[in-house]
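For reference, the structure discussed in these notes is given below.
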Amino acid sequence: MIEIAPIIAVLLPLFGAFLIPIISMVSKRFHVERACSWFAVVILVTTLAVVAAMGAAVWGSGVMVYKLGGWSPPWGIVLAVDGLNLLIALIVAGVSSLVAIYSLVYMRQDTRIDLYSVLLLLVTAGAMGSTLTGDIFNLYVFFEIMSIGSYALVALLVAFRRKWDSVEAGIKYMIIGSLGTSLILLGIALLYGMIGSLTIADLAQKLGQVAASDVLVPLALLITGFGIKIAMIPLHAWAPDAYQAAPSSISALLAGATTTAGLYAMIRVVYMMFGAFGVGTMFAVFGLVTMVVGALMALTQRDLKRLLAYSGISQMGYILFGIGLGTALGVQGGLFHLLNNAIFKALLFMCAGAILYRVGTTNLNELGGLGKNMPITAGLFVIGALAISGVPPLNGFASKWTIYIAGIEAGKAIFSLIAIIMSVLTLAYFLKAINSIFLGQRPKRLQNIKEAPLTMLFPMMLLAVLCIVLGVLPSLGINLVAPAQGALMNQSSYINAVLGGI
Amino acid sequence: MSLNYVVAMLLIALGLYCLLLKRNLIKMVIGLGVMTDGIHLFLISLGYREGGIAAIVTGGMLQDNAAASFASAAVDPIPQALVLTSIVINICIVALALSMAIWVYHHYGTLDPSEIRRLRE
């Protein structure tokens, strides 16, 4: 039964998405409220359970391979799950189930919640598919499903609430994003022309025999394409607008799930397929630039969601830096930070959503003194902010510390020093945000603001508990990340498992 | 045959130019479409073979010698499948982009991205 788990994890949200219109019609007939939202929650939690069930098999016995239609690679399409994409799939499924629970209340006032649920499930299906597949073109297709879903989700509020900046952000995201995915397609086309195969494992094996100068163009195209998705610095223009204009639940999903899937695609293609550990230094430099520019831009923001967007870009820099070092410790720190980033970034965007839900604005100038009205949200926001700034004993500290040490061990002590300074800057702008939202003078019109509803607080509390648990017991997180790191550093087991017996 | 590649690269370059430098949302969407079509032409040219036959096996083709000659004459069917998939994806993108452009035009009365930014502030 467990052999079909990979395909089930993709098909559940995909078919769930197409069932929602029917459920919407039926529930309207029988006047059942919020049936679509609940259905989305059930589907996503089941997906998470399926992914978790794969965990035992993958961690125990290595790579799980599912052949679609029984066609063996390199002719057929395979789904191949090793430690690396299992970790990513866990993050994606976990974040999207929490987002679905959060949206139960957050999107309640909108009448066409069924459209929202369809898109939410489609984005999850795309992210799961591009994570679990072992075929590069299949990865592209699922990546497009995920991207198109997220363009529509970013622009969705224009249809719900006539929020005009969201359609503008949606267009911007869509133009830049589709340019990126076109470049990915061109890269895949060049690879196919060169090698004549689309299975990642097969490509990885055969690319080793091709001269390095020949693979440079497709490699650059793929890095640029995936770099747009994860908002690496010269390619980040869409991110602040999109994160600000999207519903906060979707900002959490974009920050926690789709960028994670994008980063996974980047790692898988660059490191496993091209075996290009040589470009690691470039990643480390890009990561450094990303973290510096992101942190500096975040300092000047006057809107909480824009601030969180820039800080998310900055955190992506840490991950790129850690993974770019290419040492065991660096990769471990980078992947651990990837996990932690999904946790606290989703938590912070959900807090911003809670404030937006109760107050109606996230402009820092108009907020103040909310700590008395929303003590739980305030506490959760502080936990998230301290975790993201790398304050012990929270999870951000454990992963950032690993990255610093890895940087020093790799002989790049200067880089580590800059990373530490950026961490202090992160703390600075988050203290500024905490100060102007929860402390200080409370404007008169904010007197009667109530605490956010419990359904919204529940996923936030869960994430905050994870922040603390992974911070107090970092070995737990390291154990979770170790199989992923092992899979990334040693790709021959993946290749053998996929191409085995040929 | 090499003409295909030249045209494909021209289409990609033109589309990219149109996407990045035009100040009209509709033209940008057209540019995106042209660029993707260039990539499609490139992909389909990869699998094309001068005087090739369709990669469809019919009765009698798989007898001893016929199989080898079939394999040497048939065009590569995979790029065609890829292009078909990609065309469908492209339709989704163009439809979504145009519907967003309609929203923008209804509200702002213009399709110029910089004009829209100015109107908002």
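The values are calculated or read from the model by the stated rules, or taken from the named source; none is laboratory data. This structure is a prediction, so every number in the text was calculated from the model and none was measured. Reconstructed Cβ throughout: ideal geometry from the backbone, glycine too, with neighbour counts over all protein chains shown.
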Practice task
Check region A:437-444 and report whether any residue there is out of contact with any strand residue (DSSP E or B) (no Cβ under 8 Å at 6 or more places or on another chain), surrounded by 20 or more Cβ atoms within 10 Å (Cβ to Cβ) and more than 20 Å from A:PHE397 (Cβ to Cβ).
Solution key: yes
Fill in the blank from the handout: Within region A:387-403, the residues that are under 19 Å from A:GLY330 (Cα atoms) and surrounded by fewer than 22 Cβ atoms within 10 Å (Cβ to Cβ) are A:PHE397, A:TRP401
Exercise for the section: Looking only at region A:154-176, decide whether some residue is within 20 Å of the chain's Cα centre (by Cα), of a type in the set (Asp, Glu) and facing another protein chain (nearest Cβ under 7 Å). Expected result: no
Handout entry: Close pairs (6 angstrom Cβ cut-off, 6 or more residues apart or separate chains): outside any loop (DSSP other than H, G, I, E, B) in region A:366-386, aromatic (Phe, Trp, Tyr) anywhere
Key = A:ALA378/A:PHE438; A:GLY384/A:PHE344; A:ALA385/A:PHE430
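Among the residues in region B:27-47, are any assigned to a loop (DSSP other than H, G, I, E, B) and within 12 Å of chain A (Cβ to nearest Cβ)?
no
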Exercise for the section: Say whether the condition of being part of a helix (DSSP H, G or I), away from every other protein chain (no Cβ under 13 Å) and touching a residue at least 24 places away in the same chain (Cβ under 8 Å) is met by at least one residue in region A:207-218. Expected result: yes
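Residue-wise test of (1) in a helix (DSSP H, G or I); (2) surrounded by 22 or more Cβ atoms within 10 Å (Cβ to Cβ); (3) of a type in the set (Val, Ile, Thr).
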position	(1), (2), (3)
A:GLU451	no, no, no
A:CYS467	yes, yes, no
A:GLY471	yes, yes, no
A:ASN479	yes, no, no
A:GLN485	yes, yes, no
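Go over the candidates B:ILE87, B:ILE56 one by one and state the one that is more than 10 Å from chain A (Cβ to nearest Cβ) and either exposed (fewer than 12 other Cβ atoms within 10 Å of the Cβ) or among the charged types (D, E, K, R) (or both). If you could, list the steps in order and put the result at the bottom.
On the way: B:ILE87 fails: either exposed (fewer than 12 other Cβ atoms within 10 Å of the Cβ) or among the charged types (D, E, K, R) (or both).
When all the criteria are applied, what remains is B:ILE56.
Results for (1) within 18 Å of the chain's Cα centre (by Cα); (2) in a helix (DSSP H, G or I); (3) within 20 Å of A:GLN491 (Cα to Cα), shown as yes or no for each residue.
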position: A:ALA231; (1), (2), (3): yes, no, no
position: A:LEU254; (1), (2), (3): yes, yes, no
position: A:ARG268; (1), (2), (3): yes, yes, yes
position: A:LEU296; (1), (2), (3): no, yes, no
Practice task
Out of B:LEU20, B:LEU16, B:LEU11, B:LEU62, report the one residue that is within 12 Å of another protein chain (Cβ to nearest Cβ), more than 20 Å from A:LEU198 (Cβ to Cβ) and at pLDDT below 90.
Solution key: B:LEU20
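Being among the hydrophobic types (A, V, I, L, M, F, W, C) and under 24 Å from the mean Cα position of the chain (by Cα) is the filter here; which residues of region A:1-35 pass it?
Just the residues of region A:1-35 that are among the hydrophobic types (A, V, I, L, M, F, W, C), to begin with: A:1-2, A:4-5, A:7-12, A:14-15, A:17-20, A:22-23, A:25-26, A:30, A:32, A:35.
Those that are among the hydrophobic types (A, V, I, L, M, F, W, C) and under 24 Å from the mean Cα position of the chain (by Cα): A:ALA5, A:ILE7, A:ILE8, A:ALA9, A:VAL10, A:LEU11, A:LEU12, A:LEU14, A:PHE15, A:ALA17, A:PHE18.
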Exercise for the section: Only residues in region B:14-31 that are exposed (fewer than 14 other Cβ atoms within 10 Å of the Cβ) count as the first member; pair them with residues that are part of a loop (DSSP other than H, G, I, E, B), Cβ under 9 angstrom, at least 6 apart or cross-chain, and list the lot. Expected result: B:ARG23/B:LEU111; B:ARG23/B:ASP112; B:ILE26/B:LEU111
Handout entry: Total residues in region A:185-199, condition more than 7 Å from chain B (Cβ to nearest Cβ), out of contact with any Asp or Glu (no Cβ under 9 Å at 6 or more places or on another chain) and either more than 28 Å from A:SER72 (Cα to Cα) or assigned to a helix (DSSP H, G or I) (or both)
Key = 4
Practice task
Determine if region A:232-248 includes at least one residue that is of a type in the set (A, V, I, L, M), surrounded by fewer than 24 Cβ atoms within 10 Å (Cβ to Cβ) and away from chain B (no Cβ under 14 Å).
Solution key: yes
Fill in the blank from the handout: Every listed condition ((1) more than 30 Å from A:ARG162 (Cβ to Cβ); (2) surrounded by 12 or more Cβ atoms within 10 Å (Cβ to Cβ); (3) free of Cβ contacts under 8 Å to residues at least 40 places away in the same chain) holds for B:TRP103 save (1)
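Considering only region A:107-163, give the helices (runs of 4 or more DSSP H) lying wholly within it that have at least 1 residues that are of a type in the set (Gly, Ala, Ser) and within 30 Å of A:GLY83 (Cα to Cα).
By residue number, A:113-132, A:136-155.
Which of the residues spanning region A:136-149 are within 11 Å of chain B (Cβ to nearest Cβ) and not aromatic (Phe, Trp, Tyr)? Let's see the steps before the verdict.
First pass over region A:136-149, keeping only residues within 11 Å of chain B (Cβ to nearest Cβ): A:136-138, A:140-145, A:147-149.
Across region A:136-149, the qualifying residues are A:ILE136, A:ASN138, A:VAL141, A:GLU144, A:ILE145, A:SER147, A:ILE148, A:GLY149.
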Handout entry: Of the criteria (1) under 25 Å from A:SER130 (Cα atoms); (2) loosely packed, with under 13 Cβ neighbours inside 10 Å, which one A:PHE39 fails
Key = (2)
Problem - Answer residue from region B:108-121, given it is surrounded by fewer than 16 Cβ atoms within 10 Å (Cβ to Cβ) and facing another protein chain (nearest Cβ under 10 Å) and is nearest to A:SER178 (Cα to Cα) among those - result: B:ARG117
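With the requirement that a residue be farther than 17 Å from A:VAL289 by Cα and buried (at least 24 other Cβ atoms within 10 Å of the Cβ), what does region A:317-338 give you? Let's see the steps before the verdict.
So the first thing to find is which residues in region A:317-338 are farther than 17 Å from A:VAL289 by Cα, and the list is A:326-333, A:335-338.
Selection gives A:GLY330, A:VAL331, A:GLN332, A:GLY333, A:LEU335, A:PHE336, A:HIS337, A:LEU338.
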Exercise for the section: Might you let me know whether region A:48-60 holds any residue that is modelled with pLDDT of 90 or more, of a type in the set (A, V, I, L, M), within 30 Å of A:GLY360 (Cα to Cα) and touching a Gly at 6+ places or on another chain (Cβ under 9 Å)? Expected result: no
